[in-house]
1. Report the percentage of all Cα-Cα pairs in the stretch A:174-259 whose separation exceeds 17 Å, rounded to a whole percent.
2. Mind listing the long-range amide H neighbours of B:Gln235? Cut-off is under 5 Å, sequence gap 5 or more, other chains count too, H placed in the peptide plane at 1.01 Å from N.
3. Sort B:103-116, B:35-48 by the packing proxy (mean of other Cβ within 10 Å over each peptide's residues), most packed first.
4. Among A:Thr40, A:Thr97, A:Thr178, which one moves the most in a GNM of chain A with springs linking Cα atoms closer than 10 Å?
5. For the protein assembly as shown, what are Rg and Dmax over the alpha carbons, in angstrom?
6. What whole-number distance in Å separates the alpha-carbon centres of the stretch B:162-240 and the stretch A:152-173?
7. Out of A:Thr163, A:Ala138, B:Pro374, whose Cα points farthest toward the positive end of the dipole of the protein assembly as shown (charges: +1 Lys, Arg; -1 Asp, Glu; placed on Cβ)?
8. Mean-square fluctuation check for chain A, GNM, Cα pairs under 10 Å: which of A:Leu35, A:Leu250, A:Leu49 is largest?
Amino acid sequence: MRHVRGFDIARPISIGMLIIMMLPLVFLPLASIFLFGTRTGLGNFWQALMQPEAIFALKLSMVTSFWATIFNVLFGLFAAYVLSRYNFWGRNALIVTISLPTAIPTAVAGFALLLLWGPYGTLGRLLQPHGIQIMFTALAIILANIFVTFPLAFGVIKPVFDTMSRSLEEASATIGATRWQTFWHVTLPSLRGAIVSGALLTFARAVGEFGSTILVSGNLAGRTQTAPLYIFAKFNEGQIEAANAIAIVLALFSFLIFSVLFFARDWFDVD
Amino acid sequence: MAQVARAMQNTVDPKSEGTATMPAARVAGVSKYFGKTSVLQNISFDVAEGEALVLLGASGSGKTTILRIIAGLEQPYTGKIFLHGKDVTELPARERGVGVIFQAYALFPKMTVEKNIGYGLMIRKRKRKEIKKTVNELLSLVQLEEHRKKYPSQLSGGQQQRVAIARTLAYKPEVLLFDEPFGALDAQTRTHLRREIRSLLRKVNVPAVFITHDQEEALELGDRIAVINAGNIEQIGTPAEVYNNPATEYVATFLGAANILEGTLRDDALDVGGVRIPLSNRTGEFKEGQHLKLIFRPEDVVLSKNQEGLANHTCLSGAVVEETSFVGAFERLRLRIDQGVGTTCEPGDMSYLLTTEAPERSTAKPVLATRPKPIALSTPLRRLDRVFIGLTNFTILPASR
């Protein structure tokens, strides 16, 4: 639609302003990671990356995020099924509770977990006499990841459940299938896209988690230090190149996941 | 009472003579409530082997609920369902062995046509060879062999429906239940598919229950039709029976256009707004002073400029032509009953006696008539022409309430 006679100056100005505003806020910070890291040459970048503590940090991030994702996708699937199919008193309260973790500051989440599982915690004190300590281990990181990414997979899967036609399940039932057979052959295939995008979302978020992890892990280098924690620690020690190397890897990884989520969008859509 | 008796006569299944022939499906005394609202009241009917029964009714009449209760997708408040003699009322849907064709077909979107059809056998853990053989037979039965590897989204509506039917036939269902199967299709495909499905059903000899709100579809599809109104079956009969001898006013008006003239029974004659029609052979059924309705269809009307032209048909009255319109294959007329001078039916052997209490008295309601094109062309009529109305078929019912 034409707003003015002749050339509309508002168009190039608005687009230009948008880019200019994003420069210092988004573009330049991202660019700095790559510019700085490769300034002294790729050889140095590689050397910083190959430090045993750096490699351990990356591996730990991947493993803890992986298990947190597996759990949250399975749980999200189960919760979406129950909350979509069954109506009961308190259902909406449950749905809200599941979505709560995203509203809580991650530091608060980590703190809460410490209060529960720490040596003097509500449950932790019961485990201590047996020599079991959950906090300051990889398990603690997994628990923290589960907490903060709890609603992500659920939030992607449940809408698909809600809009899925009941007649598909009814058809399967009248044909003679049990509830499990229907779920496996009919419901699950239609959820494929939501499950994959939910898993990717959860995984990416878990890898990037910092606030809760730094509290529950103890930040022990080479033992419970995830990649984001590694960056923080190395920066504090003044080892900028080391921090930068991992930062680049994490940034590239995030771009990769985001691209998959964005460009494979259609495949994820339910038909 | 007489009306109830007449309706009951048509709802108790005339096919079940004694216990010799067991019906393929029986619905007995089913009622259903949604909350406090009664949706179905005392529904009972049989479906015979190889029969196609149509449940015809408006939206909200409860016909879909009946189907879902037979399938096991809903539970009745009272009543029982029998399939081939077995009481399945307490069984869940998957143990009943019914085949349901849903309104939107409900084909599994991520499975090919082959896999959809083979689904029933696959979950029953049959051997791969057996599944393949049955799927091949069904594919050729519904003529979809070239589409076997396609997905439902790649098929037309008619093709999807054939897959849905094949999918249910794979596990040899007791009865097929069609939920408004032609709703989503255009008129041409609809007619074509109706005939295809009828011949398919005859071939496989599986009893079927159809749901529809389309009276033309019901007349073409069903061996018998059950007309449902607000949770009650008003009449069950063959298409000819329900169309020509409607048991209630609802059935008369639902199945096609109907002229309804109200009158009172006085001295063994029906008094319709001053026009009196003797009911010599029907007085046993109705009482003096009872309000009755005379019902006849537009195509039951014969028109003639003089009474002799009505031949053996019942002469109703004289009338004036108000409007004529040409509708292609036939002519539609609107007439006003008018007992003016010169247009009173003379008594004769076959005609009913007509006497007027007051001359120039006209009934309030117009009469709708249709005439086939050849007759309209040979004896043209225009506005304000005076004619005699004769009836080839009519029904007299007690006026309700």
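What follows draws every value from the coordinates through simple rules; no lab data is involved. Quick caveat, the model's predicted, so the values are computed rather than measured. With ideal geometry, Cβ positions are generated from the backbone for all residues, glycine too; neighbour counts draw on all protein chains shown.
1. 63 percent
2. Close amide H contacts, sequence-distant or interchain: B:Val227.
3. The packing order, highest mean first, is B:103-116, B:35-48.
4. A:Thr178
5. 38.3, 122
6. 30 Å
7. After comparing all options, I get A:Ala138.
8. Maximum fluctuation in the GNM of chain A, among the listed residues, is at A:Leu35.
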